[in-house]
Amino acid sequence: MTTILIDQLATQLLQDNVVFVVGTGLHGQGRQALDQQLAEYLAQTFAIGPPDRALSLVARDVEVQVGRATLLAALRDGLQTLMPRPDVVHQLLAEALPPFAKVVTTRFDRALETALEQFGKAYVRIRRDADLPFFDESRIALIKLQGDIEDPEHLYITEDDVRRFLRSMSALHDVVRAYFATKTLVFVGYNLEHPIVRDMFDQIEDLMGQFRRPAFALVPRLPPENEVAYWKRRNVTLIETDLPDFFERLAVAVERLQQQTVEPPPNPLENRITSARPERPYKALESFTQSDAAIFAGRQEESRRLTHRILARRHVVLYGGSGSGKTSLLQAGVAPRLAAMRALLISTTPVASTSLLERIQSALREECQALSLPVSGEEPATLIRQLQHALGGPLVLVIDQFEQFFVQTPLDEQPTQLGEVMALLADRSLDIRLVLVMREEFIGRLDALRETFPGLLDVRFYLPPLARETARAALEDPAALFGVTWEPPLLERLLDDLTDETGRVVPPHLQIVADALYRHVVEGEGRTTLTSEDLEWLGGTIALLGRYLDDIIATFPPPEQPRIRMVLGLLVGSSGLKTRVALDEIARSADLDGDTAQHLLEQLVAQRLVRRYETPSGIYYELTHDYLAANIARWLGEAFWAAQKAREILRSAVREWRERGRLLPPDDLALIERHRSRLRLSADEQALCFASAIAYGTSPMNEAPSSAFTPIFTRLLEYPEPFVRARAARAVGEWALSPHVDTLPHLAIDDPDETVRQAAVDAIAMLPLPLLREATSRLVSAWQTDHPHAPEALYHLRDIQPQVEQFLPAKWRGQVRRVVWRRRWARRRDFIAAQTLQGARWGALVGGGLVGMLTVMLMAEQSVRGGTLLATGLVGMLVGGMLGALAGAVPRFVGVLIRELGDGAWAQRAQWIMLGLYGVAGLIALWIVWLVLR
């Protein structure tokens, strides 16, 4: 087995698929591991016992006793004493390593470096994040996890040091995790329980699950069988071997294979690793794509770091300012590196009318088609497994412009949609990574979801604008591919102009100016050197940036320019972000026919202001960069942006209406109605607005709607919310809508909500006589079958529509009438009592006043004077008031009672009856007074 393993490792080593993980136990025969020797040395030197403890614990105690500086000095002395030169096994390992090999070690001495130098092997030593930019694929990478004795500041030696390293989110940590996740590991000189190695191994096992790569541990003696079985279950095979012999044979195998042509296994993504030179060296406002990798310069270090972080973690949040180049970094920097490791980057963006999971599903289908794979299922998990099987590597799912998710998705749906994606990520049978890409000002929105999705923001990668020197590379390197040079004074001036107060350069600004200079000098005049005079001729950096968009618009014929501005405005959301919009919606909103709108948009595509997307659901357009949005915003007034907000609401709400029947909230409906004259609504949008208006009682029509609205009422009458069913039922009755009239009796007796049942009866009462007769007969039939709600429905119907009595069976009419009277009395008795009291009050005032005056006048004629006259007048007022109160109350009571409880002619004649009774009562009262006075 050892011979077969050596041949396999030699082959994979030459294909850069093996990482040696070297511990302090790699030494000559008969010697203790270096860390054990150092622990004993420190314990004896400082009289700290017991000496048989781990080095990290002994070092901790020494540091506490004598300080960090003395500890480091003692370690240097100990290394010089215990390991003055490399062992033969170090030299044999160095001999076996090809020039591009990767070695990860927890040794902090110089044994490996000295061995490599002895064999003339070029290497780069990586001890901390600051060393990573010097990473060179043409040299052996020696990654020292615990640092180096020559760099005390970054030496992880004590127990606290090791714990700090394990908690770190350093770029070096990501590099090693990525190696553990993607390459075959060979552990030599290790106790596999070493805390750093064990921690990383556990994290990778959690990350990769069943997809973790095989690993081997070379040991001088096998441990007990149960421990061998334990590591075998974790995909680590323990090999008992003589290390010097193993490395000697490995060196021979590597040398033999280097003389042969070792063909790596075919990579289905081979054509995505490198790209041909594109048409131009600069992109203006377009994002870089995978086909632009050749001209993507200045971001090599970020590309490498982000690739490692993606592979090392289950999910990453990539964020930065607008224009920092997040999409370009992923497409032109990271995707080719992933492809070289058989990992496929699949990117999508949020769209208002589609859920995140549906967008991922669509992107997966497109990749299957691009790779000529038959699509065997529709579920995202099935598509992912199919791609994994074909590629033999992980899938990296990128949701770009993730801030659009918060702008376009209703707040109550955001946890659900994101939860679907996170559930996919939690499936350990899928070898996937997730990258959320967003502008940094929206990072707080993601933070708000932390309670629902813990750990969502734990792994982040911030992308700042270009530093000055990387901006220099972004200008010079692409030009060199085209044989074009920058005059040094121009380059310095341009960098001075573009560098902001933080010392950074925004990539879109750089690309706009560089592209304009290239077009003018190389394509326009045929020269190959860009000079300061060329920049002056174009008006300088600031002028170029300021007029960039206006200059492009000015190239269109004047009659088309207003329409161009309108079309561009439709591609900017009310939040100031670019948004992807369907062609038919652009045409409708701009009041253009489809061909004209597409012609204008294709011209904007040619000018690199707009990007075109073809999807199974149609053609979509999007601004090439958010940088354009700010300039577009100043063209159009507040009314346009308010209407744009209404369009966005409709775009998001229509999908919910189609799939779930969800209505617009009242405030959103009010906003849409305010700007209705500026909107060109689709049929679905009209249906949604109409349904919402019906539901909220703000009917948008004064006449019966057409038959096209029949399905809307079908949905509303079955809506979960009772108030919606109630409003819809009343609308059906108001407009006598067929065939929904037939559902009203059913709603009146079968709906579980009382308010809906009453609303259905109210609607029946509004129907024309023939339809009223039919509906009543259905309610009667239900009563005859002892339906529990049928009597109540008929009582209520008879109460509000007296004509229904003629359609009732004769034997029920009296019963129904009595119930209606009792209900009316119960409902109106307080009003009747108040009216009766008011009649009595007025009667008392009038009767008391008249009788009192008559009494005084008569007594005065009979020469009654003084107190007698006053007393007689008061008695007359009292008697007159009592008679007047009775005369005012009785007619008022009878009249109001007939009006409130009666129907038809009796109710209409109640006023005349009341006046007649007033007259009779008044005459009777006067007759009684006359009798008394006589």
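Things worth noting here:
- Rg/Rg_ref, region 469-553, where Rg_ref = 2.2 N^0.38 Å and atoms are Cα: 1.03
- With protein chains left intact and a 1.4 Å probe, residues in region 249-348 average 38 Å² of accessible area per residue.
- Heavy atoms of Tyr518: accessible area, 1.4 Å probe, square angstrom to 10: 20 Å²
- For region 511-523, backbone phi angles converted through the Karplus equation (6.51, -1.76, 1.60; θ = phi - 60°) give residue-by-residue couplings of 5, 4, 5, 5, 5, 5, 5, 4, 5, 5, 7, 7, 7 Hz, Gly and Pro being listed as x.
- Fully extending the segment from His599 to Thr528, taken as 0.36 nm per residue of separation minus the present Cα-Cα distance, adds 22.1 nm.
- Scaling the Cα radius of gyration of region 1-153 by the globular reference 2.2 N^0.38 Å produces a ratio of 1.14.
- Residue-by-residue Karplus 3J(HN,Hα) for region 717-726, coefficients 6.51, -1.76, 1.60, Hz, glycine and proline x: 5, 10, 5, x, 7, x, 5, 6, 4, 5
- When shorter helices are ignored and each DSSP H run of at least 4 residues is given -39500 (n - 2.57), the per-residue value for the chain at 222 nm works out to -17500 deg cm²/dmol.
- Sites Asp242 and Thr452 - FRET efficiency at Förster radius 51 Å, r taken between beta-carbons, to 0.05: 0.40
- The residue among Gln401, Cys689, Gly847 whose Cα reaches farthest toward the positive pole of the charge dipole of the chain, with charges on the beta-carbon of Lys, Arg, Asp and Glu, is Gly847.
- Across region 271-464, Cα-Cα distances exceeding 20 Å account for 55% of all pairs.
- Percent RCO, i.e. relative contact order, over region 103-179, from Cα pairs under 8 Å lying at least 6 residues apart: 32 percent
- What the pair-distance distribution of the chain shows, using all Cα-Cα distances binned every 20 Å from zero, is 11, 28, 24, 16, 11, 7, 3, 0 percent.
- With all protein chains modelled, accessible area of Met877 [1.4 Å, Å²]: 100 Å²
- Sequence-distant lysines (8 or more away, or on other chains) whose Cα lies within less than 16 Å of Lys578: Lys326, Lys645
- Global form of region 32-85, assessed from the alpha-carbon gyration tensor, a/c cut-off 1.5: oblate
- Each label point was placed 7 Å from the Cα along the Cα-to-Cβ direction; for Leu874 and His746 their separation is 7.6 nm.
- Distance (nanometres) between label positions extended 7 Å along Cα→Cβ at Thr785 and Thr2: 9.0 nm
- When the solvent-accessible area of the chain is split by element, carbon and sulfur atoms take up 55 percent of it, the probe being 1.4 Å.
- Rounded to 10°, Cα long-axis angle of helix 754-765 versus longest principal axis of the chain: 50 degrees
- Equivalent ellipsoid of region 654-792: semi-axes from √(5λ) of the C-alpha gyration tensor, largest first, are 30, 15, 12 Å.
- Between the beta carbons of Ala370 and Ala54, assuming R0 = 35 Å, the FRET efficiency works out to 0.10 to the nearest 0.05.
- Nearest-20 debye value, region 107-161 charge dipole, Cβ charges on Lys, Arg, Asp, Glu: 340 debye
- Ordered by 1.4 Å accessible area with all protein chains kept, Glu501, Glu159 run largest first as Glu501, Glu159.
- Note, ³J(HN,Hα) from phi for region 414-426, Karplus 6.51, -1.76, 1.60, rounded to Hz, x at Gly and Pro: 4, x, 5, 5, 5, x, 4, 5, 5, 5, 5, 5, 6
- Dividing the mean sequence gap of close Cα pairs (under 8 Å, 6+ apart) by how many residues the chain holds gives a relative contact order of 7 percent.
- When the convex hull of its Cα atoms is projected in every direction, mean area for region 605-685 (nm²): 6.9 nm²
- Translational diffusion coefficient (Stokes-Einstein; Kirkwood radius from C-alpha pairs) of region 210-289 at 20 °C, 1.002 mPa s, in µm²/s: 120 µm²/s
- Taking every protein chain into account, the 1.4 Å probe leaves Phe405 with about 0 Å² of accessible area, to the nearest ten.
- The ratio of the alpha-carbon radius of gyration of region 385-513 to the globular-protein estimate 2.2 N^0.38 Å is 1.47.
- Extension reserve of the Asn235-Trp537 stretch, reckoned as 0.36 nm per residue once the Cα distance is removed: 102.1 nm
- Bins of 5 Å, starting at 0 and running to the largest distance - Cα pair percent for region 494-633: 2, 9, 17, 19, 18, 13, 11, 7, 4, 1
- A 1.4 Å probe run over region 32-85, with the rest of the protein chains in place, finds 51 Å² accessible per residue.
The values are calculated or read from the model by the stated rules, or taken from the named source; none is laboratory data. As the structure is a prediction and not an experimental result, all values here were calculated from the model. As a convention, Cβ positions derive from the backbone with ideal geometry for all residues, glycine included, and neighbour counts pool all protein chains shown. Side chains are part of the model used for accessible areas, which takes the heavy atoms of the whole protein and leaves out ligands, DNA and RNA. Shrake-Rupley method; radii C 1.70, N 1.55, O 1.52, S 1.80 Å.
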